[in-house]
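As structure tokens, the structure follows; a few thoughts come after it.
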Amino acid sequence: MKILVTGGAGFIGSNFIRYWLKKYPNDEILNLDKLTYAGHIESTSDFAENPNYKFIKGDICDSGTVDSVVEGVETVVHFAAETHVDRSIVGPGPFVVTNVIGTHILLESALRHGVKRFHHISTDEVFGSLELDSGKKFSEKTIYDPRSAYAASKASSDHFVRAYFQTYGLPITITNCSNNFGPFQDPEKFIPRMITDLIEGRDVKIYGDGKNVRDWLYVEDHIKAIEAVLTKGQPGQTYLVGGMTNDISNLEVAKMVLKIFDKDESSIKFVKDRLGHDRRYAVDWSKIEKELGWKPEHDFDSWLEKTVSWYRKNEWWWKPLKKESEKLYAKMGQ
Ligand code: NAD
Ligand code: TDX
């Protein structure tokens, strides 16, 4: 099978390609990535020479490039996106362009070339924010209520993907997942920012009161969920994907990371809150469990520790990125 992965130099995309090339050695993977500030060719270096893998530097908004790459492809796995909520607050424009227009250009090309499966990677943030302690969870039936430019652009892309199924019969699937963590995540995101700050001897930064809750999903669990959908999922269907944490606040996550470093709460610095900061996310992943037999297998405690070890061993990867991300935070006062 020939697969086009978009955004394969990013965090989840590069982990997906590594996993897939190993597990399906007869498949061919094309990786189309613009290498924005979030795309790191170094994340692909261990599989770059695999004869079944090819990297194409290009923009999903460039229909000529997209058309030439989609030709002959059976499956598209679409990760490419602007993904950082804080950046969408500072400058929402690129989120509309890549996430909405770029996804539309890919859909058009997939339709023209008779792609057999278009899998769209989306987020639980399209559903908005849950009350703390409400016990509620997002499910496939939850009404969309995006509250940041990032979430609004992802919600819009989800609607376009579904419209191409309903109107033109393009065989699409969608996964909306929670917050991923694991190796090769850019140090501008919460967990790797804390780990790399601690390695460099700085305090960890917590927005607002730190009571915000995220559902944490180990990246390999997410990839196995995508695998389940690609191999067993029904065209037109959406599946929610979540992890093994249960209402754990950012402050609690920070304390767990600090414990791994033998540090205490005196290494926490509370900073300005994010504008429109979503309070709580929680994901009901019972549909994908019931229908496709997937469930998360990596618990948070031990895989957080393994993630810390990865960052300790791979300073070559994140050191050059850290300066750039901290420039953004300095500008935002965070
Ligand atoms: P990332 O920011 O690490 O990587 C995004 C990749 O897309 C980068 O390699 C970048 O260069 C590429 N890209 C951006 N604009 C492009 C364009 N116009 N053309 C081609 N390539 C472009 O993102 P990630 O964390 O790996 O997320 C992957 C997908 O998963 C995204 O669609 C995101 O919305 C979704 N998602 C991520 C998380 C998470 O916790 N990281 C959670 C839910 C959903
Ligand atoms: O330094 C920080 N301190 C802090 O308290 C940072 C960077 C973040 N935070 C908070 C904000 C959030 O409540 O931690 C939480 C997680 O923040 P991010 O890592 O920026 O993730 P989030 O905004 O939840 O969005 C992520 O998960 C869903 C991804 O970036 C999205 O692409 C994905 O769709």
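Could you pull out the chymotrypsin sites (Phe, Trp or Tyr not before Pro) across segment 130-203 that fall in loop regions by DSSP (anything but H, G, I, E, B) with no more than 16 other Cβ atoms inside 10 Å?
Tyr144
Taking springs between alpha-carbon atoms closer than 10 angstrom, which of Asp67, Asp46, Asp124 fluctuates most in the Gaussian network model of the chain?
Answer for the Gaussian network model of the chain: Asp46.
To the nearest 10 degrees, how steep is helix 103-112 against the longest Cα principal axis of the chain, on a 0 to 90 scale?
That helix lies at roughly 20 degrees to the long axis.
Within the set Lys23/Lys287; Lys2/Lys22; Lys224/Lys287; Lys57/Lys154, which residue pairs have Cα atoms separated by over 18 Å?
Lys23/Lys287; Lys57/Lys154
Please work out the FRET efficiency for the pair Glu252 and Arg202, using the Cβ-Cβ distance as r and a Förster radius of 22 Å; give the result to the nearest 0.05.
For Glu252 and Arg202, the calculated efficiency is 0.60.
Counting each DSSP H run of 4 or more residues in the chain as -39500 (n - 2.57), what helix-only mean residue ellipticity at 222 nm follows after dividing by all residues, to the nearest 500 deg cm²/dmol?
-12000 deg cm²/dmol
Given the options Asp186, Asp59, Asp262, which has the most mean-square fluctuation in a GNM of the chain, springs set between C-alpha atoms less than 10 angstrom apart?
Its mean-square fluctuation being the largest, the pick is Asp262.
Using only Cα atoms, tell me the angle between helix 219-232 and the longest principal axis of the chain; keep it within 0 to 90° and round to the nearest 10.
Helix 219-232 and the main axis of the chain meet at about 20 degrees.
What's the angle, to the nearest 10 degrees (0 to 90), between helix 149-168's Cα axis and the longest principal axis of the chain?
For helix 149-168, the angle is close to 20 degrees.
Excluding Val66 itself, calculate the net charge of residues whose Cβ lies under 12 Å from the Cβ of Val66, where each Lys or Arg counts +1 and each Asp or Glu counts -1.
-3
What's the longest uninterrupted piece of the chain once you rule out the GluC sites (Glu not before Pro) that are loop residues per DSSP with at most 16 other Cβ within 10 Å? Intermediate values should be presented prior to the final figure.
Details: sites that count: Glu49, Glu71, Glu74, Glu131, Glu140, Glu200, Glu297.
Here the longest segment lacking exposed loop sites spans 201-296.
Anything over 29 Å Cα to Cα? Flag those among Lys259/Lys323; Lys137/Lys189; Lys116/Lys322, in the order listed.
Pairs exceeding 29 Å: Lys116/Lys322.
Computed from the coordinates by the stated procedures, all read-outs in this text should not be read as laboratory data. Please read all numbers here as calculations on a predicted model, not as lab measurements. Using ideal geometry, Cβ is built from the backbone for each residue, glycine included, and neighbour counts are taken over all protein chains shown.
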